[in-house]
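A short write-up of the structure that comes next.
The values are calculated or read from the model by the stated rules, or taken from the named source; none is laboratory data. Keep in mind that what you see is a predicted model, and the values were worked out from it rather than measured. So basically every Cβ, Gly included, is an ideal-geometry build from the backbone, and we count neighbours across all protein chains shown. We work out accessible area using only protein heavy atoms, side chains counted, and drop any ligands, DNA or RNA first. Shrake-Rupley method; radii C 1.70, N 1.55, O 1.52, S 1.80 Å.
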Amino acid sequence: MAATCGEQIHREVQDYYGKELQKTEDLKTKACITSSKPVPKAVRDALERVHEEVVARYYGCGLVVPECLESCWILDLGSGSGRDCYLLSQLVGEQGHVTGIDMTEGQVEVAKKHIAYHMEKFGYQKPNVEFLQGYMEKLGDAGLADSSYDVVISNCVINLAPDKRAVLQEAYRVLKPGGEMYFSDVYASQRLSETVRKHRVLWGECLAGALYWKDLYSIAEEVGFSPPCLVTASPITIGDKELESIVGDCRFVSATFRLFKVPSSNQAGPGQVTYNGGIVGHERDLVFDANFTFKEGEVVDVDAEMAAILRSSRFAEKFLIQAGAAPQGCSCKGIKEKIRDPFQLLERLSAPSPACCPGGSCGPSC
């Protein structure tokens, strides 16, 4: 019965994104509108080189571009028309590779149609992108092998999957040790009612399948990921009175998280880290998540979670990492209580900046 229900959701979502939606303006709510948050110049320039048809058929709730991507192998879950793939193909360079997988035939066709155009535009001798039709819950069926990617990204599509645990399990499987899943998605302030979960339009609009944010933490732990790192959060307004009445008092948020596949051998105690700088676009400081901003040359106390992530991931060579907590009286930047709730982060971001950092210059964790 569960499989039948999941198959029905897949069919309805495929119809919604393959037939009913032809452009961004066809969306009935504001759940899948990209945030206006400023992006680095390198990313803006890369976006300008993406074909206009690919951009026109894009639906997402955030720009999913992690740092330090040169020569990486990246998998995009729910790649749609391929906008993010073509953007990332420029950031990984000709030695890197980007795979996009999507279940909607029409979207995959649009993405494939423009491979030659983009490779010529980027000056690449051979394609560093490929697009597959398939389900993100069943990456093995598409031929994706264990431990084959450095980064898995997803842009507002995991909410469209009936089985979120299967998606995270597959992402974990295909990631290399130390690899990262960096993704934007829609989350709910509570578990959704059956009425909401069975509503066809709310499914297509990324709301009916939204995960209660606390459940992300439990699923990630079950699968084997390190605890999720909350990066950003943006409020979602529905903007449709009829749909708002069905949703009731539940609130929704667009949030970006990063999960890491940390080998057990790298899981130790807390440490002190110093950012060496040098990541393109983040030479002076790196806003890693809502809790840690690393400034070049500054010693920062980190907990065991972050120490293990930095030690095992592609960021390791960008940091000087020392074991142990800071000695008493040290002037380094210490650990504060972590923000894990995206709704709490929204409240923090909308509150007046504290006197210690007018204008929020200290970063999200201040």
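Computed quantities for the displayed model
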read-out	value
Test: residue in the stretch 117-131 that is buried (at least 23 other Cβ atoms within 10 Å of the Cβ) and aromatic (F, W, Y)	yes
Boolean, A316 is at pLDDT 70 or above, open to solvent by less than 60 Å² (accessible area, probe 1.4 Å), aliphatic (A, V, I, L, M) and under 24 Å from R284 (Cα atoms)	yes
Qualifying residue in the stretch 225-239 (condition: modelled with pLDDT of 95 or more and small (G, A, S))	yes
Residue in the stretch 156-177 that is buried (at least 20 other Cβ atoms within 10 Å of the Cβ), in contact with an Asp or Glu (Cβ under 7 Å, 6 or more places away or on another chain), under 11 Å from L75 (Cα atoms) and touching a residue at least 40 places away in the same chain (Cβ under 8 Å) present	yes
Residue within the stretch 82-93 that is of a type in the set (G, A, S), out of contact with any Asp or Glu (no Cβ under 6 Å at 6 or more places or on another chain) and under 22 Å from S254 (Cα atoms) present	yes
